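One structure, as structure tokens, below. Some questions next.
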Amino acid sequence: MSKLTMRAALGPAKQMLWNFFLLAVGSGICAVAVNGILIPHQFFGAGFTGVSIVIHYLVPSFPVGVLYLLLNIPVFVLGWMYVGRRFFLYSIVGMLFFTGALEWINLSVPVHDKILNAILAGIITGTGAGITLRSLGSAGGLDVLSVILLKRFSIRLGTTMLALNSLILAAGAILFSLEAALYTMIFIFVSSYIINLVVMGLSQRKAVFIISPHWEKIAREIVEKIDRGVTLLEGRGGYTGNEMKVLYTVIAFQELPRLKRLVRDIDPYVFVVVSDTLEVMGARIGNQPHW
């Protein structure tokens, strides 16, 4: 086998091992929150994990990991129908990792205040789930449903999880206690925010509109010094009626300070509007998730 052939073969192998690593680490982190905080403090959890925990409270002889595995069987049918095959197969691996982690990882978290435990569990779970979703798969369960809604309707992952988990909170409040449901709500809110931050926030894009009489020089400097494309739009002042050029560009979050310095150096009176983006599709600047 030639060196070129060996390198080509190692590429997919390295990618697969890296994704397995992300799935294993994310699953392990989430299991720490479940077995170290949620169950000891009688919280309910989120998603299919939350459903498994509620059933476990009702029937303690049923392990959480086994329940989670059983609940995932029907959702993977939907995953096969509506999500990419690669994501589906990696998610099966992620589900197995998480099921094993729930059975084998039992670390005690030395925090006693319930509110602090709810916040900490949300941070840990959000980080673990976010790391899992940074891979080419997920840990199954609500992650798969969230990705389906993201792909079809552009609904953010954390938002979907927060909305669907309201059913778990209602069931927990009725079957057990309203106080435990409120603590769990804090946990879910924090974890949803952290998931959005880990999955999308680290690759956030900014859309920028620039209005200046020195638009030609600004456009050239953006292309040459920031290495981003610029679109030229035709505009007209609403009060003066004067025609003007409007520059439109999309940049990475960390490039925004450079852009602002650049345009101010050219035109101290420049008018700039910066807005957040939900998703950006494109080979060079896109941040749309890879599922």
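Which value, in debye to the nearest 20, gives the size of the charge dipole of region 205-276 about its Cα centre, when Lys and Arg are +1 and Asp and Glu are -1 at the Cβ?
For region 205-276, the charge dipole is close to 180 debye.
Report the residue, chosen from M200, M81, M161, that carries the largest GNM mean-square fluctuation when the chain is represented by alpha-carbon nodes joined by springs under 10 Å.
In the Gaussian network model the winner is M81.
OK, next. Taking the Cα centre as origin and putting +1 on Lys and Arg beta-carbons and -1 on Asp and Glu beta-carbons, what dipole magnitude results for region 89-232, to the nearest 20 debye? Present the calculation step by step, with values, prior to reporting the outcome.
Working: 11 positive and 8 negative charges, 101 e Å.
Its charge dipole is roughly 480 debye.
What's the exposure ranking of I131, I37, going from fewest to most Cβ atoms within 10 Å?
Values: I131 22, I37 25.
Fewest-to-most ranking of I131, I37: I131, I37.
What order do you get for S212, S166 when you list them from fewest to most C-beta neighbours inside 10 Å?
S166, S212
Using the count of nearby Cβ atoms within 10 Å as a rough guide to exposure, how do F153, F271, F97 rank from fewest to most?
The order, fewest Cβ neighbours first, is F153, F271, F97.
Oh, and also: List residues of region 92-111, by number, whose backbone nitrogen lies under 15 Å from a label position 7 Å along Cα→C-beta of V66.
Correct set: 99-100, 102-104.
Hey, another quick one. Only Cα pairs under 8 Å and at least 6 apart count here; give the relative contact order of the chain as a rounded whole percent.
Contact order relative to length: 19 percent.
Under a straight-distance cross-link criterion of Cα-Cα below 22 Å, which lysines are reachable from K14, leaving out those fewer than 8 residues away in the same chain?
K3
Let me ask you something else. List the lysines whose Cα lies under 22 Å from the Cα of K260, skipping any in the same chain that are fewer than 8 positions away.
The reachable lysines, counting only those whose Cα sits under 22 Å from K260, are K206, K217, K225, K245.
No lab work stands behind these numbers, since they all come straight from the coordinates. Computed from a prediction, not measured in an experiment: that's the story for all the values here. A quick note on method: Cβ atoms are made from the backbone with ideal geometry, for glycine too, and the neighbour counts reach across all protein chains shown.
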